[in-house]
Amino acid sequence: MGVEGIGARVARKEDKRFLTGKGRYTDDMTVPGMKYAVFVRSPHAHARITGLEKTAAAAMPGVIDVLDGQQLLADGIGNLICGWMIHSRDGSPMKMGAWRPLANKTVRYVGDAVAIVVADSVAAARDAAEAVVVDYEPLPVVTDPVKALEAGQPQIHPEAPGNLIFDWELGDAAAADQAIAGAAHVTEMKIFNNRLSPNPMEPRSTLGIYDPGDDHYTCYTTSQNPHLARLVMSAFYNVAPENKLRVVAPDVGGGFGSKIYIYPEEIVCLWASKRTGVPVKWTSDRTEAFLTDAHGRDHVSTVKMAFDGNSRITALKVDTIANLGAYMSLFSSAVPTYLYATLLSGQYDIPAIHANVRTVYTNTAPVDAYRGAGRPEATYLLERTMETAARELGISPAELRRINFIRSFPHQTPVIMNYDAGDYDASLNAAMAAADWDGFAARKAEAEQRGMKRGIGMSCYIEACGIAPSAAVGSLGAGVGLWESAEVRVNAVGTIEVMTGSHSHGQGHETTFAQLVADRLGVPIDSVNIVHGDTDKVQMGMGTYGSRSGAVGMSAIVKALDKVEAKAKKIAAHLMEADENDVVVENGELKVAGTDRSVPWSQVALAAYTAHNLPAGMEPGLKEGAFYDPANFTFPAGCYICEVEVDPETGQTKIVQFVAADDFGNIINPMIVEGQVHGGLAQGIGQALLEGVHYDPESGQLLTASYMDYAMPRADDLPSFNVSTSNTPCPNNPLGIKGCGEAGAIGSPPALINAITDAIGHNTLTMPATPQKVWAVANAAN
Amino acid sequence: MYQTNYHRASSVQEAVEMMSNVPEGKYLAGGMTLIPTMKQRLAAPSDLVDLRHITEMRGIMVDGRSVRIGAATTHEEVATSVEIRAVCPALCGLASHIGDPHVRHMGTIGGSIANNDPAADYPAAVLALDATIVTDRREITADDFFTGLFETALEDGEIITAIRFDAPATAAYQKFANPASRYAMTGVFVARRDNGEVRLAVTGAGSNGVFRHRGLEAALAANWSPDAVANVTVDASDLLSDLHASAAYRANLVRVMAKRAVAAA
Ligand SMILES: Cc1cc2nc3c(=O)[nH]c(=O)nc-3n(C[C@H](O)[C@H](O)[C@H](O)COP(=O)(O)OP(=O)(O)OC[C@H]3O[C@@H](n4cnc5c(N)ncnc54)[C@H](O)[C@@H]3O)c2cc1C
């Protein structure tokens, strides 16, 4: 490792721009003639549209046009789709209800868009939006996923009778039932996973530009995957063919999954730009973000975990109802199925697992992937159940986990996944040592003196990242392949541009990807530029989510670098009249091994482009591309320990220490990895302690539509984290990377809830563990 | 935000005149409540009359134990006032926990009291300190001032110019913050006079806004000790119930905050 190579704590190249206010976000984009859009949104959670009067609004000062869902339909713009096909256990395909980008007949959640106003200013557009008169005939509402499946509930989509989207299963029900029937002990729990709002710092924004001269569209947008946005908008939404549509995702201020999806606003702004003849920009305000950004989680589950007389798990049976909201968002069907049930084996050797998942429509915002996506739900369910089982069996939580750890690899679970490498004892031991687990009893006694209830809890998580082998996901229903692409362009002077299909929206790719190149070629990091986020610059890519950019995105760069290096060696060998097999790359030079003959990198690059003296038959230039399709998922894992003090008088929880011991495989930049863990922990702790989306069950109004009611974690809610890694390299990709982006959010909620329930001596507690809930549970326990 | 007209007043009299000449005017102090409300289009004043540049409304005067705080004094100025800290440190502590630094440098005591948000901190202090609200036309006792949720005894166009009170022998404020907004989910301000009289006001909990709890006052007047709170019942039926806290939980918080306030005083 050099000072700028793999493993170095290189300061982030992009931070200069971000920290000095020089970032360029979608809302910063301004083009000549640009106008502003405001959407008219439904104030009802469920209603039929019986009329829409917009003449007065359209005549208001500064208004260019008001466009509605009928016009959008007439122009042939398609329905939004869910891109992952799931079949019910009876073999029938999932029941996808129509999602119009602008509703023209029925609105299904508060915030559903019905019209767009384009005007000279946001204020003028907002004034006109208020003047659009939509006649609604309110319909009955259901927001609760369990209730939505009951007889006699409001029917949300004609395509999905009883609001059931699919009834899916994974694993062997008979084997699980049999093991449960013969078990020495069965732990049963009901588990709620609370609904979350993603809250990226930058709200969604889009700028649609139609150029009539070329019949060409440009879409600036807050996206984690601009190429996917182009693909979907072209192939399914009939906005424009791919060659007539450029999508640019410039600097993006956080996504957490919520910016994977293509939303109505992008489609409608592009269409409106053509309709009105002006570029149309829309930027969400915070209330719109709460209302319309895809939410996360929202599961209700029951679980049975069976044990033999030696406390070995013999079976796991899970029944989950997942709320997908009013419409099926782009990956919504994959999250509670293949990103969830496939992780139900956790770190444990479980012979029989069966999961049944029913997904339902409700009159709430669409639900899709949010940091962790399915894996936090699996981990929470499993680790809460393990903790409860340990309490019921009267053995220590660490011991119960050790009894059941998987120790030989590869390990085939009963739920599809084949774990390639790991050392779960190592992270458990590291976490327990860092947390001084053995000293807890004394700390608890000391806290008792102060009238505080102290508790400790752990969570051993595993996740599947690097999403994912294309053929495998294809066979499971994915509409796309999940490889990644890269192109390495060496300029004539030797500087390097790397085009990647990954997209950085906070992860620091401009630094870590450059570190890889610097490490491989021995060139200074400042001579390497990472280019991403523009379909005109990068040919194709699948974007960033599922902790995939290191494991998949960087592997593609490795492949492209291999090709560049091979060609550079040929040129260098030719220049030095040596055998190319003797040429090595070292410190920015190409050398003949064992001699003092060398040519600098820049000279090889120049030679490639002057082409005056290349090996016979060689094409000029030094530019190579590669696609990398992963052979397997990667399996980051770890152990988190949380220690809390609960004030029994108020129910207030204070986190007194939080330890994270992770196995992320090889690490490119430890500082960035720690940052990812810190952020993930903050989000996981937010879920466990503070955050929760609430709808009024009668009216379907969003009750948590601002920070006055939606509690985001603040710095003083969080302790100083104790993070460490003990890594086993991933055998399935060239860099041995597993991924680290989601771990913190996946592993932390159960550790925290296990700690609080330990403190109050009562096991029935749902997230978020607000002071009021903890107080009520603690007092009921007396 | 809808269109509005901005006026800057340089004296109380000028502000009152400006207000009387506009159709739907509002006074603007720190703007920490009013401006967000306007941005959300929940308020649409035709005109704003800015009070922040009126010198007679600014500043803190402490004479012996008598305190006068100009209505346009910011939370930060109160939080860091050496003069107030010498006679009533509880008020400095209260002000130092309102919102965040930005809010404290803009928001004013007059604006907070005029707004009378049921979860605001200052109303509890004003009521427990038996303060007098001085306006452009009269003086109003705290007991008469707060009349309901976001309701006060202020007449149309009336300006609070100052808050006046005599510092008690001892006082303390305990706030249990709403986890989301960090406003008071329940806050208790308790003040004890040399003659043993106790006033205790609760904010954040009452379904009709800030209120004095006579039961707790009586118990503490009889026995000035945290334990005195234990036997007092707090009736939950008069308390707010919302997403964050049920009335029963708030009733518990009233007792716990009262106990802790007495211990801290
Ligand atoms: C993020 C945030 C957090 C906050 N947290 C807290 C908190 O924890 N606790 C808390 O108590 N408050 C909190 N606040 C509110 C804050 O204290 C406000 O400053 C205060 O409520 C209003 O004061 P202002 O000077 O900003 O008044 P403005 O917003 O300017 O005015 C509020 C109202 O009072 C009227 N008004 C103002 N001054 C006068 C006057 N002198 N005479 C007559 N009428 C007048 C105005 O016309 C308006 O109707 C918070 C605010 C924000 C934005």
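Protection proxy ranking for A:159-171, A:366-378, using the average of other Cβ atoms within 10 Å per residue and placing the highest first: A:366-378, A:159-171. Please report, as a whole percent, how much of the solvent-accessible surface of segment B:170-264 comes from carbon and sulfur atoms (probe radius 1.4 Å). On segment B:170-264, the fraction of accessible area on carbon and sulfur atoms equals 45 percent.
How much of the accessible area of segment B:59-166, probe 1.4 Å, is carbon plus sulfur, in whole percent? Don't skip to the answer; put the middle values down first.
On the way: 2170 of 4240 Å².
Here carbon and sulfur together make up 51 percent of the probe-accessible area.
All Cα-Cα distances of chain B, cut into 5 Å bins from zero to the largest, leave 1, 6, 13, 18, 19, 17, 12, 8, 4, 2, 1, 0 percent in each bin in turn.
Dipole magnitude for segment B:78-170: about 380 debye, using +1 per Lys or Arg Cβ and -1 per Asp or Glu Cβ, origin at the Cα centre. The calculated P(r) of segment A:233-322, using every Cα pair and 10 Å bins from 0, goes 11, 29, 23, 13, 12, 8, 3, 0 in percent. Between the amide H of A:GLN652 and those of A:ASP647, distances stay under 5 Å, these residues lying 5 or more places away or on another chain, with hydrogens modeled in the peptide plane.
With all protein chains kept in place, the per residue accessible area of the protein assembly as shown amounts to 36 square angstrom at a probe of 1.4 angstrom. Once segment B:5-50 is represented by equal point scatterers at the alpha-carbon sites, with solvent omitted, what log10 I(q)/I(0) does the Debye formula produce at q = 0.15, 0.29, 0.30 Å⁻¹? So the normalised log intensities work out to -0.35, -1.06, -1.10. Buried on complex formation within segment B:220-265 (loss of at least 50 square angstrom of accessible surface versus the isolated chain, 1.4 Å probe, ligands and nucleic acids ignored): B:LEU243, B:HIS244, B:TYR249, B:ARG260. At q = 0.06, 0.07 Å⁻¹, what is the base-10 log of I(q)/I(0) for the protein assembly as shown according to the Debye formula with one equal point scatterer per Cα and no solvent? Please give it to two decimals. Rounded to two decimals, the profile gives -0.53, -0.71. Please go through the residue pairs A:LYS317/A:LYS444; A:LYS147/A:LYS190; A:LYS190/B:LYS175; A:LYS95/A:LYS244; A:LYS16/A:LYS244; A:LYS54/A:LYS259 and name each one whose alpha carbons sit more than 24 Å apart in this structure. Pairs exceeding 24 Å: A:LYS317/A:LYS444; A:LYS190/B:LYS175; A:LYS95/A:LYS244; A:LYS16/A:LYS244; A:LYS54/A:LYS259. Round to a whole angstrom and tell me the spacing of the C-alpha centers of segment A:493-535 and segment B:3-82. What the calculation gives is 53 Å, centre to centre. For segment A:254-265, putting each phi into the Karplus relation 6.51 cos²θ - 1.76 cosθ + 1.60 with θ = phi - 60° gives couplings of x, x, 6, x, 5, 9, 6, 7, 8, 9, x, 4 Hz, in residue order, rounded to whole numbers and with x for Gly and Pro.
Relative contact order for segment B:170-264 using alpha-carbon pairs under 8 Å, separation at least 6, rounded to a whole percent? Working shown, then result.
Values: 176 pairs, mean separation 28.0, N = 95.
Across segment B:170-264, relative contact order equals 30 percent.
Let me spell out the model: positive unit charges on the Cβ of Lys and Arg, negative unit charges on the Cβ of Asp and Glu, origin at the Cα centre of segment B:5-50. What dipole size does that give, in debye rounded to 20? All intermediate terms of the calculation are to be shown ahead of the outcome.
Values: 4 positive and 5 negative charges, 54 e Å.
Taking the Cα centre of segment B:5-50 as origin, the dipole is about 260 debye.
Scaled against 2.2 N^0.38 Å for its residue count N, the alpha carbon radius of gyration of segment A:272-396 is 1.43.
Do you know which residues of segment A:634-665 lose at least 30 square angstrom of accessible area in the protein assembly compared with their chain on its own, with a 1.4 angstrom probe? Residues passing the criterion (a loss of at least 30 Å², heavy atoms only) are A:GLU649, A:THR650. Summed over both chains, the accessible area lost when B and A associate is about 1900 Å², using a 1.4 Å probe.
For A:GLN657, the residues whose amide H sits under 5 Å from its own are A:GLU643, ignoring neighbours fewer than 5 places away on the same chain, with H placed 1.01 Å from N. Residues of segment A:700-742 that bury at least 40 Å² of accessible area when the other protein chains are present, relative to the chain alone (probe 1.4 Å, heavy atoms, ligands and nucleic acids excluded): A:MET708, A:ASP709, A:ARG714.
Quick one: compute the contact order of chain A, relative version, from alpha carbon pairs under 8 angstrom and 6+ residues apart, as a percent. Write out the running numbers ahead of the final one.
Numbers: 1997 pairs, mean separation 122.4, N = 782.
Rounded, it is 16 percent for chain A.
Between A:PRO43, A:SER555, B:THR108, the Cα set farthest toward the positive side of the dipole of the protein assembly as shown (charges on each charged residue's Cβ, about the Cα centre) is that of A:SER555. For A:TYR695, nonlocal amide neighbours, meaning residues 5 or more places apart or on other chains whose placed amide H falls under 5 Å from its own, are A:LEU703.
Structure note, pairs A:LYS13/A:LYS281; A:LYS13/A:LYS35; A:LYS453/A:LYS654; A:LYS570/A:LYS591; A:LYS559/A:LYS623: Cα-Cα distances above 22 angstrom occur for A:LYS13/A:LYS281; A:LYS13/A:LYS35.
Relative contact order of segment A:446-557: 31 percent, from C-alpha pairs under 8 Å at least 6 residues apart in sequence. By accessible area, using a 1.4 Å probe on protein heavy atoms only, segment B:5-50 has 51% of its surface on carbon and sulfur. Farthest toward the dipole's positive end in segment B:5-50, which of B:ASN5, B:VAL22, B:ALA44, given Cβ charges of +1 (Lys, Arg) and -1 (Asp, Glu) about the Cα centre? The residue sitting most towards the positive pole is B:ALA44. Other residues within the sphere of radius under 9 Å centred on the Cβ of A:MET458, judged by their own Cβ, net out at -1 (K and R +1, D and E -1).
Using the Cβ-Cβ distance between A:LEU476 and B:ARG214 with R0 set to 56 Å, the FRET efficiency from 1/(1 + (r/R0)^6) comes to roughly 0.25. Just to be sure I understand the curve: with the Debye formula and one point per C-alpha of segment B:81-227, what is log10 I(q)/I(0) at q = 0.10, 0.17 Å⁻¹? The calculated log intensity ratios at q = 0.10, 0.17 Å⁻¹ are -0.32, -0.96.
Compute, for chain A, the length of the dipole vector about the Cα centre, with Cβ point charges of +1 (Lys, Arg) and -1 (Asp, Glu) only. Units Debye, rounded to 20. Walk me through the intermediate numbers first.
Working: 62 positive and 88 negative charges, 60 e Å.
Dipole magnitude for chain A comes out near 300 debye.
Work through the residues other than B:ALA247 whose Cβ is under 12 Å from its Cβ and net out their charges, Lys, Arg +1 and Asp, Glu -1. Within the 12 Å Cβ shell, the charges total -2. Converting phi to 3J(HN,Hα) with the Karplus coefficients 6.51, -1.76 and 1.60 and the offset θ = phi - 60°, segment A:191-208 yields 10, 10, 10, 5, 6, 10, 9, x, 6, x, 4, 8, x, 5, 7, 8, 10, x Hz in sequence order, with x at every glycine or proline.
With springs only between Cα atoms under 10 Å, which of B:VAL87, B:VAL22, B:VAL134 fluctuates most in a Gaussian network model of chain B? Per the Cα network of chain B with a 10 Å cutoff, B:VAL22 tops the list. Converting phi to 3J(HN,Hα) with the Karplus coefficients 6.51, -1.76 and 1.60 and the offset θ = phi - 60°, segment B:87-102 yields 10, 8, x, 4, 5, 4, x, 4, 5, 6, 10, 7, x, 10, x, 4 Hz in sequence order, with x at every glycine or proline.
The values are calculated or read from the model by the stated rules, or taken from the named source; none is laboratory data. This one's a predicted model, so the numbers in the text were calculated from it and none came from an experiment. Every residue, glycine among them, receives a Cβ derived from its backbone with ideal geometry; neighbour counts consider all protein chains shown. Please note that ligands, DNA and RNA were not included when accessible areas were found on the heavy atoms of the full protein model with its side chains. Shrake-Rupley method; radii C 1.70, N 1.55, O 1.52, S 1.80 Å.
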